[in-house]
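Structure, as C-alpha cells:
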Amino acid sequence: MACWKKNSQRKIKRYKKKSVIYPDKIEKEIVPIQSFNPDERIKCGGCNESFGLSSNELKIHCNLCCQFFHCKIAGKCDGENCKIIGSNGQIHRASYCYDCSGLISKTRILCKDCLLDTHLEKKI
C-alpha cells in the first residue's frame, strides 16, 4: 500500500496537454432569405378585416401596439423621442394608430410616450 509512503517518495502523475486542432475555415450555414408570399393575408388592427399583401392596402405598422393598419391611422409622431435621423440626413418618424396616439390636433400628433414627456418638462 502506498498510503504509508512519504510525499517525497510518491510519484506525481503529470498529464500531457492534448493539442487541439481547429479547422482553418469555419463553414457557415447559408440561411435562405424568407420571402413573402403575395397571397398571404394580414389582419388589420383597426377593423379586424384581413387583406392581402399584394393589394397594397397596408399603410402603417404601429410603433406602440405592434399591429398593421390600413384604417384608423393617426399619423406620424412629431415628438423628439420618435425621430430617427438616418445616415444620409433623412428624418424618419414613427407611425401610430388612433388608440396609441395621445394628442391629435390640426398642427401636432404626439404618441402617449411623447405626450407624457412634454407634460413632465412643463412641470419642471
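Cβ separations smaller than 7 Å between residues 6+ apart or across chains give the following pairs from region 93-117 residues that are among the charged types (D, E, K, R) to residues that are in a strand (DSSP E or B): ARG93/LYS76; ARG93/LYS83; LYS112/GLY102. Restricted to region 50-110, the set of strands (runs of 3 or more DSSP E) holding at least 1 residues that are more than 23 Å from GLU40 (Cα to Cα) comprises 73-76, 83-85, 91-93, 95-97, 101-104.
A quick yes/no check of all residues on (1) modelled with pLDDT under 85; (2) within 24 Å of the chain's Cα centre (by Cα); (3) surrounded by 15 or more Cβ atoms within 10 Å (Cβ to Cβ):
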position	(1), (2), (3)
GLU27	yes, no, no
GLY46	no, yes, yes
GLU49	no, no, no
LEU53	yes, yes, yes
GLN67	no, yes, yes
GLY75	no, yes, yes
ILE84	no, yes, no
LEU103	yes, no, yes
THR107	yes, no, no
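The selection criterion, being at pLDDT 70 or above, part of a loop (DSSP other than H, G, I, E, B) and in contact with a Lys or Arg (Cβ under 6 Å, 6 or more places away or on another chain), does not hold for ASP39.
The values are calculated or read from the model by the stated rules, or taken from the named source; none is laboratory data. Note that this is a predicted model, so its numbers are computed, not measured. Every residue, glycine among them, receives a Cβ derived from its backbone with ideal geometry; neighbour counts consider all protein chains shown.
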